[in-house]
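Undergrad: The following block contains the structure, expressed as structure tokens.
The values are calculated or read from the model by the stated rules, or taken from the named source; none is laboratory data. Every value quoted in this text rests on a predicted model; they were computed, and no experiment measured them. Neighbour counts are summed over all protein chains in view; Cβ atoms, including those assigned to glycine, are modelled from backbone coordinates with ideal geometry.
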């Protein structure tokens with residue numbers, strides 16, 4: 001992990017409240033793994049004060065570019081959305097541990113399940129799995145049709161299903177409804193999204209398939225020092241044992257963390 | 001001459017900059033970014049007798065130029081800190097200030113007695129001001145008599161000098177400072193966080209699971225500066241100042257208020273190399289201010305009449 005300035009090479013809105021931001025720095029390369037994240041300083045002043053954790057959506061090692069997708073949700077991302085081409089963004093990266101891609105063997109099928117702003121890291125996961133000869137199937141869930149993004153990009157890598165809560169695009173309902181309705185067959189699950197979604201995936205497939213969950217959590221430092229993002233572990237649910245989402249995660253095998 | 005060297009009870013500091021307790025863990029995360037030996041000292045995370053998980057999440061909430069935290073003294077417990085965390089820090093040439101906490105006076109005594117014997121622990125920081133634990137903590141630090149009592153008991157067993165960390169959540173901080181000085185405190189560290197709260201508009205509930213939390217960051221600096229200005233004129237023990245330091249100018253301001261060293265807290269979360277960056281900036285700033293040694297600035301806002309040079 002290091003502190004570096006990324007120069008903005010592209011920044012555009014791709015869905016309602018959803019922005020795609022690309023930065024470039026000579027240190028951005030293939031050592032940035034799918035599932036890792038960066039901790040981004042927004043604005044130059046002291047307000048907003050804390051960095052914002054954002055997942056890595058894609059890496060282009062040839063151009064030393066990193067793509068991230070974020071949703072404008074609060075003041076920090078509002079300020080970030082005003083960033084323009086050529087501006088420098090200070091990031092700590094790459095942080096955390098990525099998805100264990102080695103768990104998928106050539107010829108196997110990986111189901112990638114994303115929810116809302118948990119969808120972006122799965123794009124990089126999918127690309128890398130495909131390179132290794134793993135079949136990828138995507139199920140991405142959104143609130144509504146206007147917030148759907150990257151349907152085409154995912155489709156280019158493998159079969160892609162969309163669920164929206166209000167049914168405006170794809171299947172009406174949740175990602176789990178799609179998996180069942182489509183009778184999808186797979187060897188393992190890589191998933192990222194809101195806790196209720198992760199819980200539903202874990203309940204259905206833990207013990208039956210290999211399942212890896214990437215957690216979203218409020219963070220302070222992003223490097224393991226502040227203890228803001230700790231979770232209890234399932235082995236000791238009420239005790240002093242813990243994991244930190246930022247430095248032990250954000251990806252955990254199912255059955256490890258109390259969701 | 002090292003213009004940044006400062007000598008305090010138990011502490012020979014090569015410079016007056018140290019990460020504040022709770023904002024640096026036990027150093028490991030920051031060692032990925034720089035050599036910890038460049039630091040004046042390290043104030044490690046509060047240690048209690050038993051390991052603690054702390055409060056449920058959310059534990060942090062951002063505020064204007066600051067943050068609220070209610071971590072709740074999560075730590076691995078005295079045995080592990082003593083046998084693993086502190087020995088790991090011995091590879092660095094840096095004195096450790098061990099922050100100790102508890103829910104009863106006896107807890108503080110047990111932790112102080114043992115942890116003060118660790119070879120690299122050169123001083124203790126008595127945490128009687130944590131706002132985030134229901135029992136104890138701040139309860140000791142807001143009443144002069146209890147603050148003095150716990151100070152006296154810890155002084156009896158500690159092998160190293162004892163600094164008492166004061167709470168700003170009091171009406172008259174000078175009376176607390178004087179009480180712990182009379183009880184034998186070797187120094188003061190101030191301030192701990194200010195009690196605060198944020199409420200979410202959607203849920204209409206406090207954001208922090210604990211309800212209240214401690215406010216830190218640039219937002220609190222003027223409060224700390226004011227309190228150090230008041231206390232430093234009334235006590236004869238040194239003060240390590242903290243609260244919202246993000247740059248060398250802030251350090252100078254703390255010295256002028258009456259601090260003899262400065263801790264950097266929340267800023268470590270924003271910028272992991274903030275401490276070495278400030279240390280590097282300081283000599284240039286002293287040049288600009290035509291100051292030979294940083295200690296000349298201690299209490300400069302009230303000690304002498306300084307006439308601006310035209």
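Undergrad: Please work out which one of (1) over 24 Å from residue B:262 (Cβ atoms); (2) free of Cβ contacts under 8 Å to residues at least 12 places away in the same chain; (3) crowded, with 21+ Cβ neighbours inside 10 Å is the condition residue B:62 fails and give its number.
TA: (1)
Undergrad: Under the condition of being more than 21 Å from the chain's Cα centre (by Cα) and in contact (Cβ under 8 Å) with a residue 60 or more places away in the chain, which residue from the stretch A:172-199 is farthest from the other protein chains (Cβ to nearest Cβ)?
TA: Applying the filter and picking the extreme gives A:185.
Undergrad: So, residue B:102, is that one surrounded by 19 or more Cβ atoms within 10 Å (Cβ to Cβ) and closer than 23 Å to residue B:79 by Cα or not?
TA: yes
Undergrad: If you take the residues in the stretch A:149-159 that are closer than 19 Å to residue A:111 by Cβ and in contact with a strand residue (DSSP E or B) (Cβ under 7 Å, 6 or more places away or on another chain), which one is surrounded by the most Cβ atoms within 10 Å (Cβ to Cβ)?
TA: A:154
Undergrad: Take the stretch A:84-109 and flag every residue that is out of contact with any helix residue (DSSP H, G or I) (no Cβ under 9 Å at 6 or more places or on another chain), part of a strand (DSSP E or B) and within 26 Å of residue A:44 (Cβ to Cβ).
TA: A:88, A:90, A:91, A:92, A:93, A:94, A:95
Undergrad: So which residues in the stretch A:132-146 are more than 21 Å from residue A:103 (Cα to Cα) and either crowded, with 19+ Cβ neighbours inside 10 Å or within 16 Å of the chain's Cα centre (by Cα) (or both)? Show your work before the answer.
TA: Applying the first criterion (more than 21 Å from residue A:103 (Cα to Cα)) to the stretch A:132-146 yields A:140-146.
Across the stretch A:132-146, the qualifying residues are A:140, A:141, A:142.
Undergrad: Which one of B:276, B:272 is within 14 Å of chain A (Cβ to nearest Cβ), under 24 Å from residue B:125 (Cα atoms) and not in a helix (DSSP H, G or I)?
TA: Of B:276, B:272, the one residue that is within 14 Å of chain A (Cβ to nearest Cβ), under 24 Å from residue B:125 (Cα atoms) and not in a helix (DSSP H, G or I) is B:272.
Undergrad: Here is a further query. Taking the condition within 14 Å of chain A (Cβ to nearest Cβ), more than 17 Å from the chain's Cα centre (by Cα) and farther than 18 Å from residue A:230 by Cα, does residue B:30 pass?
TA: yes
Undergrad: Return the residues of the stretch B:6-31 that are without any contact (Cβ under 8 Å) to a residue 24 or more places away in the chain and either surrounded by 24 or more Cβ atoms within 10 Å (Cβ to Cβ) or part of a loop (DSSP other than H, G, I, E, B) (or both); say none if nothing qualifies.
TA: B:25
Undergrad: Hey, another quick one. From the residues in the stretch A:200-244 that are closer than 17 Å to residue A:184 by Cα and out of contact with any strand residue (DSSP E or B) (no Cβ under 6 Å at 6 or more places or on another chain), which one is farthest from the other protein chains (Cβ to nearest Cβ)?
TA: Selected residue: A:208.
Undergrad: So which residues in the stretch B:248-265 are touching a helix residue (DSSP H, G or I) at 6+ places or on another chain (Cβ under 8 Å) and crowded, with 24+ Cβ neighbours inside 10 Å, if there are any at all?
TA: B:251, B:254, B:255, B:257, B:258, B:259, B:260, B:262, B:264
Undergrad: Which strands (runs of 3 or more DSSP E) does the stretch A:25-80 wholly contain that include 1 or more residues that are touching a helix residue (DSSP H, G or I) at 6+ places or on another chain (Cβ under 6 Å), within 30 Å of residue A:129 (Cα to Cα) and at pLDDT 95 or above?
TA: Hits in the stretch A:25-80: A:52-55, A:58-60, A:65-71.
Undergrad: Is there a residue in the stretch A:2-17 that is within 14 Å of chain B (Cβ to nearest Cβ), more than 25 Å from residue A:149 (Cβ to Cβ), outside any strand (DSSP E or B) and touching a strand residue (DSSP E or B) at 6+ places or on another chain (Cβ under 9 Å)?
TA: Step one: of the stretch A:2-17, the residues within 14 Å of chain B (Cβ to nearest Cβ) are A:2-5.
From what's left, more than 25 Å from residue A:149 (Cβ to Cβ): A:2-5.
Restricting the remaining residues to those that are outside any strand (DSSP E or B) gives none.
Checked against the condition, which is being within 14 Å of chain B (Cβ to nearest Cβ), more than 25 Å from residue A:149 (Cβ to Cβ), outside any strand (DSSP E or B) and touching a strand residue (DSSP E or B) at 6+ places or on another chain (Cβ under 9 Å), the stretch A:2-17 yields no hits at all.
Undergrad: Considering only helices (runs of 4 or more DSSP H) fully contained in the stretch B:86-149, which possess at least 2 residues that are closer than 17 Å to residue B:43 by Cβ and at pLDDT 95 or above?
TA: Of the helices (runs of 4 or more DSSP H) lying wholly inside the stretch B:86-149, those with at least 2 residues that are closer than 17 Å to residue B:43 by Cβ and at pLDDT 95 or above span B:86-89, B:105-115.
Undergrad: Quickly run through the stretch B:229-247 and pick out the residues that are surrounded by 20 or more Cβ atoms within 10 Å (Cβ to Cβ) and either within 14 Å of chain A (Cβ to nearest Cβ) or more than 23 Å from residue B:45 (Cα to Cα) (or both).
TA: Residues satisfying the conditions are B:231, B:232, B:237, B:243, B:244, B:245, B:246.
Per-residue answers, yes or no, for (1) touching a residue at least 40 places away in the same chain (Cβ under 8 Å); (2) in a helix (DSSP H, G or I); (3) facing chain A (nearest Cβ under 8 Å); (4) closer than 14 Å to residue B:22 by Cα:
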{"residue": "B:40", "(1), (2), (3), (4)": "yes, no, no, no"}
{"residue": "B:57", "(1), (2), (3), (4)": "yes, no, yes, no"}
{"residue": "B:72", "(1), (2), (3), (4)": "yes, no, no, yes"}
{"residue": "B:80", "(1), (2), (3), (4)": "no, yes, no, no"}
{"residue": "B:84", "(1), (2), (3), (4)": "no, yes, no, no"}
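Undergrad: Let me ask you something else. Would a scan of the stretch B:256-267 turn up a residue that is without any contact (Cβ under 8 Å) to a residue 12 or more places away in the chain, within 14 Å of another protein chain (Cβ to nearest Cβ) and closer than 30 Å to residue A:89 by Cα? It would help to see each step written out before you state the result.
TA: Kept after step one, since they are without any contact (Cβ under 8 Å) to a residue 12 or more places away in the chain, are these residues of the stretch B:256-267: none.
Looking through the stretch B:256-267, none of the residues is without any contact (Cβ under 8 Å) to a residue 12 or more places away in the chain, within 14 Å of another protein chain (Cβ to nearest Cβ) and closer than 30 Å to residue A:89 by Cα.
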